[in-house]
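Asks: Please see the structure below; I have some questions.
Every number here is computed from the coordinates shown, using simple stated rules; none is lab data. Here the structure is a predicted model, which is why all the values come from computation and not from measurement. Neighbour counts are summed over all protein chains in view; Cβ atoms, including those assigned to glycine, are modelled from backbone coordinates with ideal geometry.
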Amino acid sequence: MKKNNKPSLIITSDLHLRDDQPICRTDNFWETQLQKIIWLNQLQNNYDSIPIVCAGDIFHKAKPSPKLLALAIEYLPHMYVIPGNHDLPNHTMNSFHECGLNVLITAGKSTIVNSTNQNSIILQSLRPTISLDGLPYGIENDSLKPKKTNGNTTSILLLHVYNYLEKPKWIDKGTSYNSILKKYPNFGIVITGDNHDSFYKKMGERWIINPGCFTRQRLDEKEYEPSVYLYYTHNNTVERVKISTEKDTFTDIHVSEYKDKNERIDLFVESLKQTKDISLSFEDNLKRFIAKNKLNEKTIDKLWGIVHE
Ligand SMILES: [Mn+2]
């Protein structure tokens with residue numbers, strides 16, 4: 001295999017661009033995510049502007065601020081995208097016209113791949129050509145077929161469904177990669193978003209590629225290496241490209257603060273329990289407090305449970 005062959009496609013997912021600072025990060029996260037976007041631009045430029053596909057969740061929230069939208073419009077490279085759950089108001093396509101991703105598409109900065117209402121998109125500039133199909137989050141169609149083309153075409157399907165290589169991170173969540181490949185037999189490559197852990201796997205001549213998250217936004221991702229992928233049509237190979245990360249940009253202070261808060265509540269509850277003779281006035285006060293604050297039954301039960309324990 002020749003090493004310096006040019007890739008045909010850049011594959012990414014789960015960018016989760018956001019306005020706010022992730023609670024676990026100590027750096028200027030706004031600046032960090034901008035630097036990653038600039039890096040993605042450079043990567044694309046290094047390969048003569050080959051197409052980029054994204055398997056959903058460009059934005060962390062469905063309605064990003066005008067400031068974040070402006071950043072995305074100015075700096076994001078053009079991408080072929082499907083809507084992920086985070087891109088969609090209430091996680092459905094019903095209000096797609098209200099979401100930030102639709103602004104990006106309307107501005108011509110991204111192209112939606114939605115096979116529920118359009119034919120495969122053929123990337124003509126590539127030889128062999130690539131056909132793109134995609135389904136928005138929450139929509140399934142296992143009889144989906146790529147459009148017939150003359151000649152050699154690699155057919156790619158973009159999905160935003162949780163799948164995994166060996167076992168799920170959470171019990172009962174998602175499905176294994178091979179069941180996805182079996183469910184969509186008409187495609188040579190299935191690219192999935194949603195699972196933030198990166199993996200890729202070949203089954204026969206077919207690939208599943210799950211790029212994973214683009215930046216680290218949670219404490220349990222501290223040691224994680226965000227990646228994008230390159231696909232080479234001429235020899236049907238995939239290459240993982242790790243995105244460089246910063247050291248010492250994480251804090252777990254919020255975890256200890258949370259523990260502190262819980263400990264304080266525990267202490268308070270203990271002190272209530274240890275009060276042997278709760279005066280009538282205390283109980284009366286509590287009754288008044290409950291009446292005044294319209295607490296739900298569960299909370300009321302808990303409060304009386306603590307007092308009478
Ligand atoms: Mn996601």
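Asks: Report the convex hull volume per residue for region 186-309, counting only C-alpha atoms, in Å³.
Replies: Values: hull volume 24.6 nm³, N = 124.
Spelled out: Cα convex hull of region 186-309, divided by residues, is 198 Å³.
Asks: Would you mind putting 75-81, 65-71 in packing order, based on average other-beta-carbon counts within 10 Å, highest first? Mind showing how you got there, number by number?
Replies: On the way: 75-81: 20.0, 65-71: 14.7.
Listed from highest to lowest mean packing, they are 75-81, 65-71.
Asks: Counting other beta carbons within 10 Å of each Cβ, put Thr116, Thr245, Thr154 in order, fewest first. Write out the running numbers ahead of the final one.
Replies: On the way: Thr116 11, Thr245 16, Thr154 21.
Sorted ascending by nearby Cβ count, the order is Thr116, Thr245, Thr154.
Asks: Moving on to the next point. Just add up the charged neighbours of Ile208: K/R +1, D/E -1, any other residue whose Cβ is under 9 Å from the Cβ of Ile208.
Replies: Details: positive: Lys201, Lys202, Arg206; negative: none.
Overall, the nearby charge balance is +3.
Asks: Please give the contour-minus-distance gain from Leu219 to Phe268: 0.36 nm per residue of separation, less the Cα-Cα distance, rounded to one decimal in nm.
Replies: On the way: separation 49, 0.36 × 49 = 17.64 nm, distance 2.91 nm.
Extra length available between Leu219 and Phe268 comes to 14.7 nm.
Asks: From the cross-link list Lys201/Lys247; Lys202/Lys247; Lys63/Lys183; Lys147/Lys182, which pairs have alpha carbons spaced over 23 Å apart? All intermediate terms of the calculation are to be shown ahead of the outcome.
Replies: Working: Lys201/Lys247 29 Å; Lys202/Lys247 33 Å; Lys63/Lys183 32 Å; Lys147/Lys182 19 Å.
Over 23 Å apart, Cα to Cα: Lys201/Lys247; Lys202/Lys247; Lys63/Lys183.
Asks: Just want the answer: with Cβ charges of +1 for Lys and Arg and -1 for Asp and Glu, which residue in Trp207, Gly193, Gly174 is farthest toward the dipole's positive end in region 169-221?
Replies: The residue sitting most towards the positive pole is Trp207.
Asks: For His254 paired with Asp197, estimate the spin-label separation in nm (one decimal), with each label point 7 Å from Cα along the Cα-to-Cβ line.
Replies: Distance between the two pseudo-spin positions: 2.2 nm.
Asks: Which of the three applies to region 170-240, rounded, prolate or oblate, going by the alpha-carbon gyration tensor with a ≥ b ≥ c and a/c under 1.5 meaning rounded?
Replies: Working: a/c = 3.01, a/b = 1.37, b/c = 2.20.
Verdict is oblate for region 170-240.
Asks: For region 253-308, what mean projected area does the convex hull of the alpha carbons give, in nm²? Write out the running numbers ahead of the final one.
Replies: Details: hull surface 18.3 nm².
Over every viewing direction, the Cα hull of region 253-308 projects on average to 4.6 nm².
Asks: State the extension gain, in nm to one decimal, for the chain segment bounded by Asp27 and Glu98, taking 0.36 nm per residue of separation less the distance between their alpha-carbons. Mind showing how you got there, number by number?
Replies: Values: separation 71, 0.36 × 71 = 25.56 nm, distance 3.12 nm.
Result: 22.4 nm gained on full extension.
Asks: Here's another thing I want to ask about it. Please name whichever of Trp39, Thr106, Gln124 sits farthest to the positive end of the charge dipole of the chain, dipole taken about the Cα centre and charges placed at Cβ: Lys and Arg +1, Asp and Glu -1.
Replies: Gln124
Asks: Using label points projected 7 Å from each Cα along Cα→Cβ, tell me how many nm separate Gln42 and Glu283, to one decimal.
Replies: The two pseudo-label positions are separated by 7.1 nm.
Asks: Mind checking the log10 I(q)/I(0) for region 36-113 at q = 0.24, 0.27 Å⁻¹? Debye, one equal scatterer per Cα, no solvent, two decimals.
Replies: Each listed q maps to, in turn, -1.14, -1.37.
Asks: Pairs of alpha-carbon atoms within less than 8 angstrom and 6+ residues apart define the contacts here; what relative contact order does the chain have, in percent?
Replies: Working: 544 pairs, mean separation 53.9, N = 309.
This gives 17 percent for the chain.
Asks: Rounded to the nearest 20 Debye, what is the dipole magnitude of the chain about its Cα centre when Lys and Arg each give +1 and Asp and Glu each give -1 at the C-beta? Please list the in-between numbers first.
Replies: On the way: 39 positive and 37 negative charges, 206 e Å.
That gives the chain a dipole magnitude of about 980 debye.
Asks: Arranged by the count of other C-beta atoms within 10 angstrom, fewest first, what order do His86, His254, His60, His308 take? Write out the running numbers ahead of the final one.
Replies: Details: His86 25, His254 12, His60 20, His308 9.
The order, fewest Cβ neighbours first, is His308, His254, His60, His86.
Asks: Moving to a separate point now. What FRET efficiency would be calculated for the residue pair Tyr232, Gln35, taking the C-beta separation as r and a Förster radius of 25 Å, to the nearest 0.05?
Replies: Numbers: r = 27 Å, r/R0 = 1.07.
Computed FRET efficiency for Tyr232 and Gln35: 0.40.
Asks: Using only the Cα atoms of the chain, what do you get for the radius of gyration and for Dmax, in Å?
Replies: When restricted to the Cα atoms of the chain, Rg and Dmax are 24.7, 87 Å.
Asks: Under the Karplus relation 6.51 cos²θ - 1.76 cosθ + 1.60, θ = phi - 60°, what is the ordered set of whole-Hz ³J(HN,Hα) values for region 134-142, x standing for Gly and Pro?
Replies: Going residue by residue, I get x, 10, x, 3, x, 10, 10, 6, 6 Hz, with x marking Gly and Pro.
Asks: For a quick check: with amide H placed at 1.01 Å from N, whose amide H comes under 5 Å from Arg25's, ignoring anything fewer than 5 positions away on the same chain?
Replies: Result for Arg25 returns Thr251.
Asks: Now for a separate question. Give, in nm to one decimal, the length gained when the segment between Lys67 and Lys294 is fully stretched (0.36 nm per residue of separation minus the Cα-Cα distance). Walk me through the numbers on the way to the answer.
Replies: On the way: separation 227, 0.36 × 227 = 81.72 nm, distance 3.91 nm.
Computed gain between Lys67 and Lys294 is 77.8 nm.
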